[in-house]
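Student: Before anything else, here's the structure in question.
Bear in mind that the values in this text are calculations on the coordinates, not laboratory data. Given the structure is predicted, the values throughout are model-derived calculations rather than measurements. Quick reminder, even Gly has a Cβ in these numbers, built from the backbone with ideal geometry, and neighbours come from all protein chains shown.
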Amino acid sequence: MRLRWSAPAIAFALAACGSDEPTAPQTFEQQMCIRGTIAIGATVNGTLGTNDCDIGDSYIESYRLNVVADTTIDISMTSGVFDTYLFLLRIRAENVDSLDLVTFDDDGGGGTNSLISGVALLAADDYLVVANGFDKSDVGAYVLTIVP
Ligand SMILES: [Ca+2]
């Protein structure tokens, strides 16, 4: 298991990615490839691809997780076609420099699947669930589930 997330590194990687588009600054949604929201108890069927956000050694796309009451959850990411990697970030403000790493997992779900278990969330906070592949060849269909 490796720790790859740090806000400055990601900000740099994402900025470098967009360097051939000199004028329009990207929104936070574009920078983090936010595909929507995910609710506690919900399942999302997603597809990670080479058109998603490039963080240097792999791709990401993400989902906002809104919390209405303090709670403890599990987050599962599985794929039959690639090696998954999963992050949970806290959003302090709407930019890539204001994301805190809460926790992450590579293979805790068995095989190459990811599982973050027993993470405590605070109702006052806003979170981002980041679906990631282990490296750049890790793209394809996946299933993300938030279990209360
Ligand atoms: Ca994995």
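Student: Ser117 versus Thr37, label points 7 Å from Cα toward the beta carbon: distance in nm?
Tutor: That separation, rounded to one decimal, is 2.9 nm.
Student: Another one. Sort the chain into rounded, prolate or oblate with this rule: let a ≥ b ≥ c be the square roots of the eigenvalues of the Cα gyration tensor; rounded if a/c is under 1.5, and if a/c is not under 1.5, prolate when a/b is larger than b/c, oblate otherwise.
Tutor: Note, shape of the chain comes out oblate.
Student: Helix-derived [θ] at 222 nm for the chain: sum -39500 (n - 2.57) over DSSP H runs of at least 4, divide by residue count, nearest 500?
Tutor: Computed mean residue ellipticity for the chain: -2500 deg cm²/dmol.
Student: Still on this structure, I have one more. What are the trypsin sites (Lys or Arg not before Pro) within the range 38-125 that DSSP puts in a loop, where the Cβ has at most 14 other Cβ atoms within 10 Å?
Tutor: For trypsin sites (Lys or Arg not before Pro) across the range 38-125 that sit outside H, G, I, E and B with at most 14 neighbouring Cβ atoms in 10 Å, the list reads Arg92.
Student: Okay, moving on. Under 17 Å from a label point 7 Å along Cα→Cβ of Glu29: give me every residue in the range 103-144 with its amide N that close.
Tutor: 127-129
Student: I'd like to compare 105-111, 141-147, 117-123: which one has the highest average count of other Cβ atoms within 10 Å, and what's the full order after that?
Tutor: Order by mean packing, descending: 141-147, 105-111, 117-123.
Student: Report the net charge of residues surrounding Ile40, where surrounding means a beta-carbon distance below 15 angstrom and charges are Lys +1, Arg +1, Asp -1, Glu -1.
Tutor: Once all neighbours under 15 Å are counted, the net charge is -3.
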